[in-house]
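A short worksheet on the structure shown next.
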Amino acid sequence: MELIGLLNYAVFMAIFIGIYSLLALGLNIQWGFSGLFNAGIAGFFAVGAYSSALLTAPESAVHLGGYQLPVVVGWIGAMVAAGAIAWPIGKVCLRFRSDYLAIATIGVAEIIRLVVKSEGWMTGGARGVNKIPRPFGDLSYLYSQLAYLALVFAIVLVVYWAIERQISAPWGRMMRGIRDNEDAATAMGKDIKARRLEAFIFGAAVMGLGGALFAHFNRSITPEAIDPMIATFLIWIMLILGGSGNNRGALLGVAVVWIIWSASEFVTDQLPTEYAIKAKYMRVFIIGLLLQLVLRFRPEGILPEPQGTAGSPEVKTFQKQESAAK
Amino acid sequence: MLKKIALAAGLFSATALASNAVQADVKVGLLGGISGPIAAMAPPMLDSAKLAIQQVNEQGGILGGQKLEAVVGDSACNPQNGVDSATKLVNIEQVAGLIGPHCSGSVLAVANSVTVPAGITLITPSGTSPEITGLEDKGQVFRTVPSDDFQGRSLARTLLNLGTKKVAVAYLNNDYGSGLANAFKVEFEANGGEISGYSAHEEGKASYRSNLAELSRGGADTLVIFDYGDGTGLTILRQALENGFFTNFVGGDGMKSDAIIRELGAENLTTFIASSPVGEKSNSLELFNEAYKAVGGNPDAIFVSNSYDAAFLMALALEKAGGDAAKVSEAMAAVSDGQGEAVLPGEWKKAVELIAAGKDIDYKGASGDLNFDNAGDVPGSYGLFKVEGDAFALQQALN
C-alpha cells in the first residue's frame, strides 16, 4: 500500500466526516438541545445542496440558474434557503410532539425529494446539477483534497463554536428547559412555539450548509443523493451513538460511525468474492446492530450530555473552588 | 473506557486486514450498486464482468502472464457511497482502472471527485445520463451503454416515419425514464410530431389509472412508455389495456421484457412494439451468451452484456497501455475505434498476440460495436421489436 494513497483516503474520510458533522450538529440543535424529532434531515440537506449548486453553477439548458455567483454566496444562500424552507414547515409541524413530528418530517423530506426529482425546469430533474465549481478544484488530486479539507474543517470549527456559544447562553439553557419540562417553561412565561421554531430553523440552516459542502465536493448533485438511509438515518445513528445533547459527542459519533461504515468494506473484501458481494449487505446490518447495542447498553451515547447545569460558567467556577478546597 | 478500547481495537483490526489485501498482480475496481435501489440488477452485472476477468486469466493472464483481479466495491446507487467506495478502490487498493459505478449519479460524483483528479480511467456499463457526455473528464470517462439521448431520438424519428404523429408519453421518474422521455420529446416535436400528454410517474403504486386517464385526454391513440417491463411499466400497460385508454403502445428498451408477454399474453400485445439495442451482424452476442450461460448466468438480464464489455475493454486497454494507469484512457479509445483487426468477446489470447505484434485491434462487443466517440460515448444501434408467438421479434431497425 502506498502511503500517498493511504493519505488520500484519510483526507477523503476526514472531508466526509466534516460534512456529516455539520448534519449531526444541526440535528443536535434540534434533537439534542430542543427535543425536536426531525426525521427529515435529507430534505434540508437537499435544499442546501441544490440552492448552492444553482447559485454557483454555469448556465445549463436543463435547469434554472447560470448565475455563477462566488461559492461563498452559494453557501450562505444554502443556509438561508434551508432556514427559509424550515420556517413554514416548523410553523405547521412543530405543534406535533415527538413521534408525530418525526412522521411529519419524514413526509416533508419525501416531498422535497419528489419536488427535486419532478420539477426539472428548476433542478434538472433526474439529471441533476453538474459542473458546480469546487474551491481549489484545479489543484492536483491530493492538494485539492487537502485544501477542501481545510475549508470544511474551518467551517465545522466556526459552526461548532457558534453552537457551543449559543447553547451555553441563556437561550441554550432555556431550550433545554423547554425540552425537559415544557409545562414548567410555559409557567415561567417562555414562548415555547417561537423558541422551538428558532431551534428548528437554526438546525436546518446548518444542515443546508452541510448539503452545500457535499454538492461542491462532488461538483454535482443528483436526486440519488437524497437517500433517507444515507442522509437521514445514518446521521441519527451518529448522533445517538456519539451522545445527543453534546456537540463533542456528535462529532465523535460521526467519526466512529463513518469510519466503521467505510472501513467495514475492507473486512468484507477479505472474503471470497462470492461471499464478498453478499457481505456488502452486512455493512448495513452492522450499523443497525451498533445502534441496538448502544441503545441497550449506553442509551446516553459515548459522550453523554453534561448533567444539570454543569455547562454554565457559574457552576464551573464553583466546581473549581470546590476541587481547590479539596 | 473498556468499550472505547474495544472499539479502537476493532477499527485497528479493520485497517490491518485491509493492508493484507494488497498483493495481487493487476487490479481493477468493480464498482456496482450492490445494496440500494438496483440491488436486484447488480449481481448479474457483476457476474458478467467477472466472466470477462475469468476469461482473461484462463487465457494466459494480463501483461505477460499476471493475474487480473477484480476488487468489488458497493456504490449503493448513491453518490455518497459511490465516492467513498471509489476512493478506497483508487487509493487503498490502487486499482489500474475502474469498471462502474452503475448509476448515473454515482458516475458523475465519482468521476468529478475521484477518478478524474486521480487520473484513473472509468468505464460504466449502465450510466445512461446525457450529463456524462459533458463531463470535463480529460477523456477518462467511457461507457458501453448509449446515452439516453440516442435511443429517445431515434425512436422519435422512426415513429414519425411510420406515420404516428400524435402520442402521449408516460415515463418513470428516474434518470432512465426521464432521460429517454426528454430526448424523445425534443426530437418528436422538432420534426413535426405532437405530444398530447407528457407525464412522469413514481414506481411501485398499485394503480396508475388516473395518470392514464389524464394522458388519454389529449386525444392520442398511441402511448409511449419509458419504464421497466418487469416493474411499473407492466402495471401501466396492463391498466391501459384493461381500460382501453389507448390502442397502440410503444416502449423503450426497458419494456422489452419477457415478463410482459408472460403476464399479459401475446394475443393482447398485437399493438405493442418496443425499441431495444440490437447487435450488428456479428456473432459477438452469441459468443457472450454461450459463455455466460456456461457459468450459470442469464444472458437476458438487463445490462449484463454491457457490463461484460466494460470489463473486457478495461482488460484490453490495460494490456495495450502496458499497465500504465495514465495511458489507459488513450488505449481504451484505441482498442475500440472501428479500425484494426476485429476481436470478439472471449478472444483474449488473440487480442494479446495482436497487441504484442503492434497491430491495431477493434473490439466488437456483445452489446454492439462500441466505437467510442470523443466524449467516450458509444452510438447505439436499435431495432423495433414486436411480439410474435411467445417472444419478441425484430420488426425493423431504427434510424
For the range A:1-134, what are Rg and Dmax over the alpha carbons, in angstrom?
17.1, 55
By counting other Cβ atoms within 10 Å of each Cβ, how are B:Cys103, A:Cys93 ranked from fewest to most?
A:Cys93, B:Cys103
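Averaged across A:266-272, how many Cβ atoms of other chains sit within 10 Å of each residue's Cβ atom?
Working: counts 11, 6, 3, 10, 5, 0, 0.
For this peptide, the per-residue mean of nearby foreign Cβ atoms is 5.
So what is the relative contact order for the range A:156-314, in percent, with contacts set as C-alpha pairs under 8 Å and at least six apart? Numbers along the way, then the final one.
Details: 97 pairs, mean separation 34.3, N = 159.
Dividing the mean separation by the residue count of the range A:156-314 yields 22 percent.
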Label-point separation (nm) for A:Arg173 and A:Ala150, each offset 7 Å from Cα along Cα-to-Cβ?
4.0 nm
Lys and Arg at +1, Asp and Glu at -1: neighbours of B:Val186 with Cβ under 15 Å from its Cβ sum to -1
FRET efficiency for A:Glu274 and A:Arg296, using Cβ-Cβ distance with R0 set to 35 Å, rounded to 0.05
0.55
Separation between the A:Glu59 and B:Arg238 pseudo-spin-labels, each 7 Å from Cα along Cα→Cβ, expressed in nm?
4.8 nm
Show log10 I(q)/I(0) for the protein assembly as shown at q = 0.05, 0.06, 0.09 Å⁻¹, two decimals, from a solvent-free Debye sum over equal Cα scatterers.
-0.26, -0.38, -0.83
Given labels modelled 7 Å from the Cα in the Cβ direction, how far is it in nm from B:Glu194 to A:Tyr67?
4.0 nm
Calculated from DSSP H runs of 4 or more alone, at -39500 (n - 2.57) each and per residue, what is the 222 nm mean residue ellipticity of chain A, nearest 500?
-24000 deg cm²/dmol
Taking the Cα atoms only, what angle lies between the long axis of helix A:3-27 and the longest principal axis of chain A, rounded to 10 degrees?
50 degrees
Residues of B:283-293, mean number of Cβ from any other protein chain within 10 Å of their own Cβ, rounded to a whole number?
0
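Evaluate E = 1/(1 + (r/R0)^6) for B:Thr133 and B:Lys293, where r is the Cβ-Cβ distance and R0 equals 30 Å; express this FRET efficiency to the nearest 0.05. If you can, show how the numbers build up before the last one.
Numbers: r = 34 Å, r/R0 = 1.12.
E between B:Thr133 and B:Lys293, to the nearest 0.05, is 0.35.
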List the trypsin sites (Lys or Arg not before Pro) in the range B:78-170 that DSSP assigns to loop (not H, G, I, E or B) and whose Cβ has at most 16 other Cβ atoms within 10 Å. Which are they?
B:Lys138, B:Lys165
Can you list the trypsin sites (Lys or Arg not before Pro) in the range B:235-287 that are in a DSSP coil and have 16 or fewer other beta carbons within 10 angstrom?
B:Lys281
For A:Tyr20, A:Tyr141, A:Tyr281, B:Tyr308, order by how many other beta-carbon atoms lie within 10 Å, fewest first
A:Tyr281, A:Tyr141, A:Tyr20, B:Tyr308
To test your reading of the geometry: what angle, between 0 and 90 degrees and rounded to tens, separates the Cα axis of helix A:141-168 from the longest principal axis of chain A?
20 degrees
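Using a 10 Å cut-off around each Cβ of peptide A:128-140, what is the average number of partner chain Cβ atoms that fall inside?
Mean partner shielding for this stretch: 3.
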Dmax and Rg, reported as Rg then Dmax, of the range B:235-372 (C-alpha, Å)
19.6, 64
Taking a label point 7 Å from the Cα of A:Ala10 along the Cα→Cβ vector, which residues of the range A:122-160 have an amide N closer than 14 Å to it?
A:146
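Any idea what the relative contact order of chain A is, in percent, if you count C-alpha pairs under 8 Å spaced at least 6 apart? Numbers along the way, then the final one.
Values: 508 pairs, mean separation 93.3, N = 326.
Once normalised by length, the contact order is 29 percent.
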In Hz, Karplus ³J(HN,Hα) per residue of the range B:64-75 (6.51, -1.76, 1.60; θ = phi - 60°; x = Gly, Pro)
x, x, 7, 8, 8, 10, 9, 9, 8, x, 10, 8
Under 13 Å from the Cβ of B:Leu354, count the other residues' Cβ atoms, weight Lys and Arg +1, Asp and Glu -1, and hand me the total.
-2
For chain B, just the Cα set please: Rg and Dmax, both in angstrom.
22.2, 76
For a Förster distance of 35 Å, can you work out the FRET efficiency between the beta-carbons of A:Arg248 and A:Asp183, rounded to the nearest 0.05?
0.70
Gaussian network model of chain A, Cα springs within a sub-10 Å range: biggest mean-square fluctuation belongs to which of A:Phe202, A:Phe217, A:Phe266?
A:Phe266
Across 5 Å bins beginning at 0, the whole-percent shares of Cα-Cα pair distances in the range B:38-83 come to 5, 19, 21, 19, 14, 11, 9, 2
Give me A:Thr186, B:Thr87 sorted ascending by neighbouring Cβ count inside 10 Å, so fewest comes first.
A:Thr186, B:Thr87
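Any read-out appearing in this document is the output of simple, stated calculations on the displayed coordinates, not a laboratory observation. Note that the coordinates shown come from a computational prediction; the quantities given were computed from them, not determined experimentally. Here the Cβ is made from the backbone with ideal geometry for all residues, glycine too, and neighbour counts use every protein chain on show.
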